[in-house]
Ligand SMILES: [Zn+2]
């Protein structure tokens, strides 16, 4: 398995800490609002990563946190608390908001057919662990108290910028919000581990700590929850490119200072979903969610199919025009694969040939578009349905597009079928009467409705174009 590693900026052979096992961590959502489909693109690509590891035979454990406290609207500890913002907007408590949007997040997760993480841990469940880690960091001299908050001292590390420094572009993405000045900080890049006195006197959720009644900073969550469930060595840490700085940079700082040795070896980052002319913004146009796509008549899996057509390390340009094309291609594929018959013997040689080509494509830094090329080649292969069906089942364990599930014939289809049959009968009459112009006109009329007809020995057959 070869993977691009942000930490080294190269595609590397994957060697987990423990042979045959993969310890994977994913930054979960801050549950103050619905997830944007751009964020969900990251989770879809991570899902492909996870399923590729499983396909390759790794014993996998994936952990995800849920941020329900401490995440300010700027990742650099400034601005408003996101959870509080959500609660005010909807006149609810922070915990109600957290529950509501955690549910909504996993409903989307499900609709996009993603594998649930093995451990899902909300930050509010781990306060004693956070306090312990902060105590150790203070003891070791990596943290300090100022203005009754506790900060991480980034000047204590020589390689603080190791992850982010290597890519200026990604670094800029991370500091997009305006950085407010916090006079307690000794260095500009220092960050909060524990808040007590801050501008959020009205923070709803607070806990006792050695430094006073308060709440944790955002970054400490992932270090703590990751170490708690995956141990001192993590194999792959995932997230969107906007997490590289400051969030992942800070996670590394805390974890390695706490552990006293290197922590996570491979850093996997998914690029943004963009629209023509740049990054998607919440302010202009629709706030794109899975529910909105459904309201507009799209199958959420058509969006998954769309995401799989491009490489995770490239920005993906979203438009409804492209989504329409993708949805049509997905529907056509689904009709084709759901009709594959299971009868007959699987040709083992053909099965192995395609299985290994497919596996190679994915293990080459998740080349999903190549995996699709292999898949479409396989469908064209001169072999029986049973073999194609077995291969579809195998490959769909990664694609997760429900390719073998019966494709629901919608009512519209019944109407379309009746229309096609009537026209075919009319055309047969015309041909009998040697009115070939009319027969051709009917063929054109059907084509305009997306129906292709074929004259066979058994009579005229029709299918969707
Ligand atoms: Zn995180």
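Between the helical axis of 37-55 and the longest alpha-carbon principal axis of the chain there is an angle of about 80 degrees.
So what is Rg over Rh here for the stretch 264-326, counting just Cα atoms and using Kirkwood for Rh? Can you show the working numbers first?
Numbers: Rg = 13.0 Å, Rh = 13.0 Å.
Answer for the stretch 264-326: 1.00.
In the chain, helices alone account for a calculated mean residue ellipticity at 222 nm of -14000 deg cm²/dmol, with every DSSP H run of four or more residues adding -39,500 (n - 2.57).
Histogrammed with a bin width of 5 Å, the alpha carbon distances of the stretch 2-270 distribute as 1, 6, 13, 18, 20, 18, 13, 7, 3, 1, 0 percent, first bin at zero. Model label sites at residue 310 and residue 325, defined 7 Å from Cα along the beta-carbon direction, differ in position by 1.2 nm. Applying 1/(1 + (r/R0)^6) with R0 = 41 Å to the Cβ-Cβ distance of residue 136 and residue 88 gives a FRET efficiency near 0.70.
Measuring spread by the Cα atoms of the chain yields a radius of gyration and Dmax of 26.7, 97 Å. Remark: 71, 91 ranked as 91, 71, counting other beta-carbon atoms within 10 Å and listing the fewest first. Show log10 I(q)/I(0) for the stretch 200-278 at q = 0.15, 0.21, 0.23 Å⁻¹, two decimals, from a solvent-free Debye sum over equal Cα scatterers. Those come out to -0.67, -0.98, -1.06, one per q. The C-alpha atoms of the chain define a longest principal axis, and helix 348-363 lies at about 40 degrees to it. For the stretch 411-464, the ratio of Cα radius of gyration to the globular rule of thumb 2.2 N^0.38 Å stands at 1.08.
With N residues in the stretch 186-332, what two-decimal value do you get for its Cα radius of gyration over 2.2 N^0.38 Å? Please report the intermediate quantities before stating the final value.
Values: Rg = 20.3 Å, N = 147, 2.2 N^0.38 = 14.7 Å.
Rg over 2.2 N^0.38 Å, computed on Cα atoms: 1.38.
Just need log10 I(q)/I(0) for the stretch 329-405 at q = 0.14, 0.17, 0.18 Å⁻¹, Debye formula, equal scatterers on the alpha-carbon atoms, no solvent, rounded to two decimals. Cα-only, vacuum Debye calculation for the stretch 329-405: -0.40, -0.59, -0.66.
For the chain, averaging the sequence separation of C-alpha pairs within contact (under 8 Å, six or more residues apart) and dividing by the residue count gives a relative contact order of 17 percent. Per-residue Cβ neighbour counts within 10 Å put 223, 155, 338, 359 in the sequence 155, 338, 359, 223, beginning with the fewest. The per residue volume of the convex hull around the alpha-carbon atoms of the stretch 1-115 is 125 Å³. Legend: Rg and Dmax of the stretch 278-399, from Cα coordinates, 16.7, 56 Å.
Between residue 348 and residue 10, take the C-beta separation as r, use R0 = 35 Å, and let me know the FRET efficiency to the nearest 0.05. Efficiency, from the Cβ-Cβ distance: 0.40.
On a 0 to 90 degree scale, rounded to 10, what angle separates helix 368-380 from the longest Cα axis of the chain? Helix 368-380 sits at roughly 20 degrees to that axis.
As a test of the definition: which semi-axes, in Å, follow for the stretch 339-451 when you take the square root of five times each eigenvalue of its alpha carbon gyration tensor? Largest first, please.
Numbers: eigenvalues 319, 49, 43 Å².
With the √(5λ) rule applied to the stretch 339-451, the semi-axes are 40, 16, 15 Å.
Here, each number is a calculation from the coordinates, and none is a lab measurement. Note that the structure is a prediction, hence the values are computed from the model and not measured. Please note: Cβ atoms are built from the backbone with ideal geometry, for glycine as well, and neighbour counts cover all protein chains shown.
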